[in-house]
1. Just subtract the alpha-carbon distance of K113 and N139 from 0.36 nm times their residue separation and send over the number in nm, one decimal.
2. If R₀ is 30 angstrom, what is the calculated FRET efficiency for the pair V46 and R158, using the beta carbon separation as r and rounding to 0.05?
3. By how many nm would the segment from R204 to A22 grow when fully extended, if each residue of separation counts as 0.36 nm and the alpha-carbon distance is taken off?
4. If you stretched the chain out fully between H102 and A225, how much longer would it get, using 0.36 nm times the residue separation minus the C-alpha to C-alpha distance?
5. Restricting to Cα atoms and excluding each atom paired with itself, what does the Kirkwood estimate give for the chain in Å?
6. If I compute solvent accessible area with a 1.4 Å probe over the protein chains, what percent of it on the chain is carbon and sulfur?
7. Just grab the label-to-label distance for E244 and A183, each label 7 Å out from Cα along the Cβ direction, in nm (one decimal).
8. Name all residues of the range 32-46 having a backbone nitrogen under 13 Å from the label point set 7 Å from the Cα of Y14 along its Cα→Cβ direction, giving them as ranges.
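The values are calculated or read from the model by the stated rules, or taken from the named source; none is laboratory data. The structure presented is a predicted model; accordingly, all values stated were derived computationally and were not measured. Cβ placement follows ideal geometry from the backbone for every residue including glycine, while neighbour counts extend to all protein chains displayed. For the accessible areas, the whole protein counts, side chains as well, though only heavy atoms, and no ligand, DNA or RNA atoms are used. Shrake-Rupley method; radii C 1.70, N 1.55, O 1.52, S 1.80 Å.
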Amino acid sequence: MSRSLIYAANWKMYHPPAVATAFAERFLELTAPREHRALWFFPPAVSLQSVSRAMARRADISAGAQNIHWEEKGAFTGETSCAMVSGAGGRGALVGHSERRHIFGETDAETAKKVRALFAARLQPLLCVGEKIDEREANRTETVVARQLDAVLEGLPREHAAALVIAYEPVWAIGTGKVAKPADASAVHAFIRTVFQRHGVTSRIPILYGGSVNAGNALGLVAEAEVDGVLVGGASLDAEGWAEIVGMGG
């Protein structure tokens, strides 16, 4: 049986609603569902409903938010609640993306709150972890990734921990054109599984790789047994290019 793969598109601050709808229509023309393959789109919050509606006829496609707040409601200007995500047709959200951590100061403790809020709202968290270049050069990759995971997994019900999707995204590779070698990414993914095992989770957690993924390297990445898919930024912004990437692998 083919291995299940997840292809996730993070559109960052691109594609307003009209552009997102046009993308979706073209993407649907170019692709068909494939067995053991799930597709996720994470558009800007203002485009989430447009993408959710446009993709609704495809059971293999889900849409989610790029960020949420852990409170249900309140005076949190600029934030998005889980109920708002659900109301817009979203089925999950990214948590702890490196740009949230390193540009906006999101802490490990805040990622833990967001994961719990998503599970409470019956939404799927996709938790991002990864090291900066100075941490990699100091051989601290495992230390950093374990810290980020431990912050979320400590006290998290085991059934929720087992339902997480993880994206390993080395910060030094995001948007830089640099990419971890498939074997290097696979090694970190294998380490991530040992962290889950330490927390009592023995089932296989889907772990994606993110960081300058494109049509030229995606196939080599998903060919690794430890890599269960990809989280893609810039290369997911073009419908034709993204359709090519999601057609690769197993």
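1. Result: 6.5 nm gained on full extension.
2. Efficiency, rounded to the nearest 0.05: 0.25.
3. 61.9 nm
4. 41.3 nm
5. Computed over Cα pairs of the chain, the Kirkwood hydrodynamic radius comes out at 18.1 Å.
6. Solvent-exposed carbon and sulfur of the chain make up 54 percent of the total.
7. For E244 paired with A183, the spin-label model returns 2.8 nm.
8. The answer is 42-44, whose backbone nitrogens lie closer than 13 Å to the label point.
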